[in-house]
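Q: I'd like to ask some things about the structure below.
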Amino acid sequence: MTDYKPVRKAVFPVAGLGTRFLPATKSIPKEMLTILDKPVIQYAVDEARNAGIEHFVFVTGRNKAVIEDHFDIQVELQQTLEERGKQEALDILSAALPAPGQTSFTRQQAPLGLGHAVWCAREIVGDEPFALLLPDMVMQDEPGCLTSMTRLYKNTGGNIISTEEIAWEETQNYGIVERGEDVNGGFEVKGMVEKPPKGTAPSNLYINGRYILQPEIFDLLGSQKAGAGGEIQLTDAMLKLSASQPFYGFTFRGRTFDCGSKEGFIRANVAYAMSNPEFAGSLRSELLELINSAPAK
Ligand code: G1P
């Protein structure tokens, strides 16, 4: 056990345009596309809530108002369901909803990068550690990734980054960490780099979109210059913070779906359907049939 302040707040950057899903995302935020019956954003919020998070901070952008509506009560719908005695549907709605006062919404006014989006949450987070969940990364595990990270954090304090192994040829698309000594169920992070050019990655451990960070990151983000892709990168600010604070890596062992890509989104839908007894049986034979009839690559 170490001295640590509990993590009560979580930040969800949801300002991205979702151009890879046009035309679907012309009027619907990509975070509202559904995996089975829940929007992508709900998976990250549920994961955070299961990890004990009490306040949910959304960093939004233009055309994202429907996310705020999703986390509010829909009075007419609720009344109609009550009149019709649809208790099951009412329960589904209330399970999705944070308690009154548990959500905050702020806007990233310009698309300057993930680091800038996180910085936009500084006033709402204040001077306490916080979790950061990138909702595009849908993580299937029991308990959730953030719950496991919180357990590690209770042993280590400091900052925690969730990581996973990835194929070496994919390293250029993600933040990559360099692994140090094992500590308390995690490992020391010796270095990190955002989207290293091909062939230069220090490891194949990629940052998979879950973090526990100390509030000192905000000052560094405020003065952070643009990095990879011309954007203000969170990874660059974390590297600076690691000069004065410990960073630990958590190794995630569940399944991660990068739902910012069509392939990841499809894989997530299939995986969640297959882990749902309502669909698993009938889908199994249909999937096998499809696989057998698909043209060989
Ligand atoms: C961001 C982070 C990167 C991380 C990735 C996970 O990149 O900057 O370090 O590996 O999310 O999805 P982005 O996907 O915004 O380019």
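Q: Provide a single number: the residues in the range 103-116 that are at negative phi and either buried (at least 18 other Cβ atoms within 10 Å of the Cβ) or within 10 Å of the ligand (Cβ to nearest atom) (or both). Let's see the steps before the verdict.
A: Here is the first cut: in the range 103-116, the ones at negative phi are 103-112, 114-116.
Now drop any that are not either buried (at least 18 other Cβ atoms within 10 Å of the Cβ) or within 10 Å of the ligand (Cβ to nearest atom) (or both), which leaves 103, 108, 114-116.
Looking only at that region, the number is 5.
Q: So which residues in the range 31-67 are assigned to a helix (DSSP H, G or I) and open to solvent by 10 Å² or more (accessible area, probe 1.4 Å)?
A: Taking the range 31-67 as the starting set, the residues that turn out to be assigned to a helix (DSSP H, G or I) are 31-32, 40-50, 65-67.
Selection gives Met32, Tyr43, Asp46, Glu47, Arg49, Asn50, Ala65, Val66.
Q: Against the condition out of contact with any His (no Cβ under 7 Å at 6 or more places or on another chain), under 26 Å from Thr147 (Cα atoms) and among the polar types (S, T, N, Q), how does Ser275 come out, does it pass? If you could, list the steps in order and put the result at the bottom.
A: Details: out of contact with any His (no Cβ under 7 Å at 6 or more places or on another chain): yes; under 26 Å from Thr147 (Cα atoms): yes; among the polar types (S, T, N, Q): yes.
Yes: the conditions hold for Ser275.
Q: Just the residues that are without any contact (Cβ under 8 Å) to a residue 24 or more places away in the chain and either of a type in the set (Ser, Thr, Tyr) or within 13 Å of the ligand (Cβ to nearest atom) (or both), please, taken from the range 191-229. Give the steps one after another, and end with the answer.
A: First pass over the range 191-229, keeping only residues without any contact (Cβ under 8 Å) to a residue 24 or more places away in the chain: 199-200, 219-220, 223, 225.
The answer is Thr200, Ser223.
Q: List every residue pair whose Cβ atoms lie under 8 Å apart, where the two residues are 6 or more positions apart in sequence or sit on different chains, the first residue falls within the range 16-39 and is free of Cβ contacts under 8 Å to residues at least 40 places away in the same chain, and the second residue, located anywhere, is part of a loop (DSSP other than H, G, I, E, B) and of a type in the set (S, T, N, Q).
A: Pairs that qualify, where the first residue is free of Cβ contacts under 8 Å to residues at least 40 places away in the same chain and the partner is part of a loop (DSSP other than H, G, I, E, B) and of a type in the set (S, T, N, Q), are Ser27/Asn63; Pro29/Asn63.
Q: Go through the range 179-297 and tell me which helices (runs of 4 or more DSSP H), entirely inside it, have 1 or more residues that are touching a strand residue (DSSP E or B) at 6+ places or on another chain (Cβ under 6 Å) and surrounded by 15 or more Cβ atoms within 10 Å (Cβ to Cβ). Spell out the reasoning first.
A: Details: elements: 217-222, 234-241, 262-274, 277-293.
Passing ranges, in order: 234-241, 262-274.
Q: Need pairs with beta-carbon distance below 7 Å; first residue within 18 Å of Ala268 (Cα to Cα) and within the range 138-167, second assigned to a helix (DSSP H, G or I) and open to solvent by less than 10 Å² (accessible area, probe 1.4 Å); sequence gap 6+ or separate chains.
A: Short answer, once both residue conditions are applied: Val138/Val40; Val138/Ala268; Met139/Cys145.
Q: Mind checking which residues of the range 20-30 are within 15 Å of the ligand (Cβ to nearest atom) and either part of a strand (DSSP E or B) or open to solvent by less than 90 Å² (accessible area, probe 1.4 Å) (or both)?
A: Result: Phe21, Lys30.
Q: Can I ask one more? Name the single residue that is surrounded by the most Cβ atoms within 10 Å (Cβ to Cβ) among those in the range 122-148 being of a type in the set (A, V, I, L, M) and either under 12 Å from the mean Cα position of the chain (by Cα) or within 15 Å of the ligand (Cβ to nearest atom) (or both).
A: Keep residues of the range 122-148 that are of a type in the set (A, V, I, L, M), which gives 124-125, 131-134, 137-139, 146.
Going one step further and asking which of them are either under 12 Å from the mean Cα position of the chain (by Cα) or within 15 Å of the ligand (Cβ to nearest atom) (or both), we end up with 131-134, 137-139, 146.
Details: Ala131: 28, Leu132: 26, Leu133: 27, Leu134: 22, Met137: 23, Val138: 27, Met139: 23, Leu146: 30.
The qualifying residue surrounded by the most Cβ atoms within 10 Å (Cβ to Cβ) is Leu146.
Q: What is the number of the single condition among (1) open to solvent by 20 Å² or more (accessible area, probe 1.4 Å); (2) out of contact with any strand residue (DSSP E or B) (no Cβ under 8 Å at 6 or more places or on another chain) that Trp119 does not meet?
A: Single failed check for Trp119: (2).
Q: Can you tell me which residues in the range 250-286 are touching a residue at least 24 places away in the same chain (Cβ under 8 Å) and among the basic types (Lys, Arg)?
A: If the condition is that a residue be touching a residue at least 24 places away in the same chain (Cβ under 8 Å) and among the basic types (Lys, Arg), then Arg253, Arg255, Lys262 are the ones that fit.
The values are calculated or read from the model by the stated rules, or taken from the named source; none is laboratory data. Everything numeric here is computed off the predicted structure, so don't read it as measured data. Heads up, the Cβs are rebuilt from the backbone with ideal geometry, glycines too, and the neighbour counts pull from every protein chain shown. Side chains are part of the model used for accessible areas, which takes the heavy atoms of the whole protein and leaves out ligands, DNA and RNA. Shrake-Rupley method; radii C 1.70, N 1.55, O 1.52, S 1.80 Å.
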